[in-house]
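Here, each number is a calculation from the coordinates, and none is a lab measurement. It should be emphasised that the depicted structure is a prediction, and the values quoted were computed from it without experimental measurement. We place every Cβ from the backbone using ideal geometry, glycine too, and count neighbours over all the protein chains shown.
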Amino acid sequence: MAPRKLAAGNWKMNGDLAALDQIDAMAEAVKGASCDVLICPPALLIPAMIAKGVVAVGGQDCHAEASGAHTGDISGQMLRDAGATHVILGHSERRADHHETDETVRAKALAAHRAGLIAIICLGETGDQRDGGHTLQVIAAQLAGSVPEGATAANTVIAYEPVWAIGTGRTPTIPQIAEVHARLRADLSDRLSDGAEVSLLYGGSVKGANAAEIFAIPHVDGALVGGASLKAADFLPIVAALD
Ligand code: PEP
């Protein structure tokens with residue numbers, strides 16, 4: 001089976017109840033879309049966004065435990081209980097702000113799987129790592145360290161997000177994205193029996209103007225979109241380019 005196509009939005013720490021109007025504005029286009037469309041809003045907006053019934057809804061992080069004394073955290077079970085289907089894990093902002101390691105991400109992915117969530121595991125090199133010629137080595141190590149046993153195409157999505165491309169308006173060249181995605185596909189196929197079917201997303205300054213050329217790259221099955229997912233007018237052209 002071919003990997004599922006996914007247009008995923010990450011609202012990060014943006015949005016309020018009024019911003020849910022943007023989801024209403026997506027309704028018509030999403031209804032006709034053949035790809036999966038997901039938005040991961042701040043956790044407080046998850047129930048209200050799910051109630052709209054327009055897009056699949058996911059969390060932006062979850063704890064490695066199902067419950068317990070972890071003030072301020074949210075578990076995968078809680079996200080699932082609220083109706084979320086996905087959770088973003090290991091985003092570079094969490095790796096930087098919360099010192100998350102591959103081991104942390106792996107434990108969280110296991111918890112997400114136990115809760116019945118699809119884990120979107122993010123990885124990507126820094127600008128220095130790319131300039132130093134270490135991209136493939138970094139990517140391969142993050143993939144090996146972050147993807148847990150039990151991962152399958154049904155419960156795991158991988159998002160390649162070069163740190164230097166997030167929110168900067170800069171993107172890698174087409175051959176650079178192609179090289180990383182080919183390596184991810186090869187490593188996943190070596191490791192998982194259905195590795196050829198795992199959806200591989202590109203993320204980092206995706207917008208309507210560059211989406212089509214990025215989606216034409218082999219082994220790019222969709223996008224994880226930050227800034228351009230906040231407004232229907234910016235996100236829908238990306239969904240249309242994937243469709
Ligand atoms: C992201 O935060 O995952 C992201 C890709 O952001 P942006 O699209 O704004 O670069």
Report summary line: So, over other residues within a Cβ distance under 12 Å of MET26, counting Lys, Arg +1 and Asp, Glu -1, the net charge is -1
Report summary line: Over its alpha-carbon atoms, the chain yields an Rg and a Dmax in Å of 16.5, 47
Query - Packing-based order for 148-157, 101-110, using average beta carbon neighbours within 10 Å, highest first - result: 101-110, 148-157
**Report entry** Cut-off 15 Å between beta-carbons: net charge of the residues surrounding SER75, Lys and Arg +1, Asp and Glu -1
**Finding:** -1
Query raised in the report: Taking the Cβ of ARG94 as the center, what net charge do the other residues with Cβ under 15 Å away carry, scoring Lys and Arg +1 and Asp and Glu -1?
Result: -4
Report task. Quick one: which residues, 5 or more positions from SER75 or on another chain, have an amide H under 5 Å from its amide H? H modelled 1.01 Å from N in the peptide plane, none for Pro or chain starts. Result -> HIS63
Query raised in the report: If you find the alpha carbon centre of the range 196-242 and of the range 167-194, how far apart are they in angstrom?
Result: 14
Query raised in the report: If amide H atoms are built 1.01 Å from N in the plane of the peptide, which residues on other chains or at least 5 residues away come under 5 Å of the amide H of ALA153?
Result: ASP194
Query raised in the report: 222 nm [θ] for the chain, helices only, -39500 (n - 2.57) per DSSP H run of 4+, per residue, to 500?
Result: -12000 deg cm²/dmol
